1. With (1) closer than 24 Å to residue 106 by Cβ; (2) open to solvent by 80 Å² or more (accessible area, probe 1.4 Å) as the list, and residue 54 as the residue in question, which single condition is left unmet?
2. Tell me, yes or no, whether region 123-141 has at least one residue that is over 16 Å from residue 48 (Cα atoms), at pLDDT 95 or above and surrounded by fewer than 21 Cβ atoms within 10 Å (Cβ to Cβ).
3. Please count how many residues of region 156-166 are within 20 Å of the chain's Cα centre (by Cα) and open to solvent by 90 Å² or more (accessible area, probe 1.4 Å).
4. Residues 63, 38: which one is under 23 Å from residue 121 (Cα atoms), charged (D, E, K, R) and touching a residue at least 24 places away in the same chain (Cβ under 8 Å)?
5. Being in contact with a strand residue (DSSP E or B) (Cβ under 8 Å, 6 or more places away or on another chain), closer than 18 Å to residue 57 by Cβ and not in a loop (DSSP other than H, G, I, E, B) is the filter here, so list the residues in region 227-247 that pass it.
6. Taking region 157-190, which residues are more than 24 Å from residue 97 (Cα to Cα) and β-branched (Val, Ile, Thr)?
7. Scan region 104-118 for residues that are open to solvent by 10 Å² or more (accessible area, probe 1.4 Å) and modelled with pLDDT of 95 or more and report the count.
8. Kindly provide the set of residues from region 20-77 that are within 23 Å of residue 89 (Cα to Cα) and among the β-branched types (Val, Ile, Thr), ordered by number.
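The values are calculated or read from the model by the stated rules, or taken from the named source; none is laboratory data. Remember, predicted model here, so these are calculated numbers, not experimental data. Reconstructed Cβ throughout: ideal geometry from the backbone, glycine too, with neighbour counts over all protein chains shown. Side chains included, ligands, DNA and RNA excluded: accessible areas come from the protein's heavy atoms. Shrake-Rupley method; radii C 1.70, N 1.55, O 1.52, S 1.80 Å.
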Amino acid sequence: MSVYNYPNNEKALVRLQVDLKEEINTYVFIIHLVDLPENRLTISFCQAFNQALDKILLVFDTEFEAQARRYKSGEKDQLRGFVVTTSSGKFFSNGLNIEQSLGKKDFGLVFSAMIARVLEFKLPTIAAVNGHAFAGGCMIASMHDYVVMNKFRGYICMNEIDIDFPLDHGTFQFMRSRLSSPRYVHKCLVDGHRFTAEEGIQAGLVDFAVDKDQVLQTSIDLGIKLSKKVINGGTTYGLMKSQKNKEAISSLLTERVRPGMRNSKL
């Protein structure tokens, strides 16, 4: 097992844990949000999260190519992998750091680009939501393929209405794509309702509500199951996700991201 801290060891915002389960030839990548207690979102956070994603792709692609050279066809199952994002304590994420985010003209650009990147990431992604996921924290959870949430602690919500902060078009359309019906679009985005994990399942924000001690393990078990779809390095998996999330990605990036930013290291 290897551990990497981003942006650095002295002031980590994101910690990446990398473990290759050799018995099933599958990489388990766990991104821990470690800017406790609230994991507030800033440009620095987006940069650190992207560094973790860069490292995941570097490790996975390097080992995939090495195995392809080492083994003949059929001698060994293809390398698989998945990503889990989690935290600890009261919050998964309490959303934007208002002073450090809204005061930076590029925050919207880098935040939207990060979400779009995860929406089409070529490995399965699961958010293991340990506690509250408010506003931007709800968006961080929702950019993943699946959300597993503690059913006994925490709410997930888009509560910008309560702080008189209107959502831009890209954010609204991205969250609309996650919600299960127009009724829940209104309840979530206009009313700012705080959903429990079990309410979140009905709304479309949560996929599994489990005991607090099972959030991470359920996410890992789900990732192992989903990783069986990662064939030939995940190219098709990523393309399918890109098509599924096409409208949300387009809405997030239209007139928000300068040419070339989407694939750059933010």
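1. (2)
2. No; the residues of region 123-141 include none that is over 16 Å from residue 48 (Cα atoms), at pLDDT 95 or above and surrounded by fewer than 21 Cβ atoms within 10 Å (Cβ to Cβ).
3. Residues flagged as within 20 Å of the chain's Cα centre (by Cα) and open to solvent by 90 Å² or more (accessible area, probe 1.4 Å) within region 156-166 amount to 0.
4. On the way: 38 fails: under 23 Å from residue 121 (Cα atoms).
The conditions single out 63.
5. Keep residues of region 227-247 that are in contact with a strand residue (DSSP E or B) (Cβ under 8 Å, 6 or more places away or on another chain), which gives 227-228, 230, 234.
So of that shortlist, the ones also closer than 18 Å to residue 57 by Cβ come out as 227, 230, 234.
Passing the criteria: 227, 234.
6. 185
7. Total satisfying the criteria: 1.
8. The answer is 28, 30, 31, 34, 42, 43.
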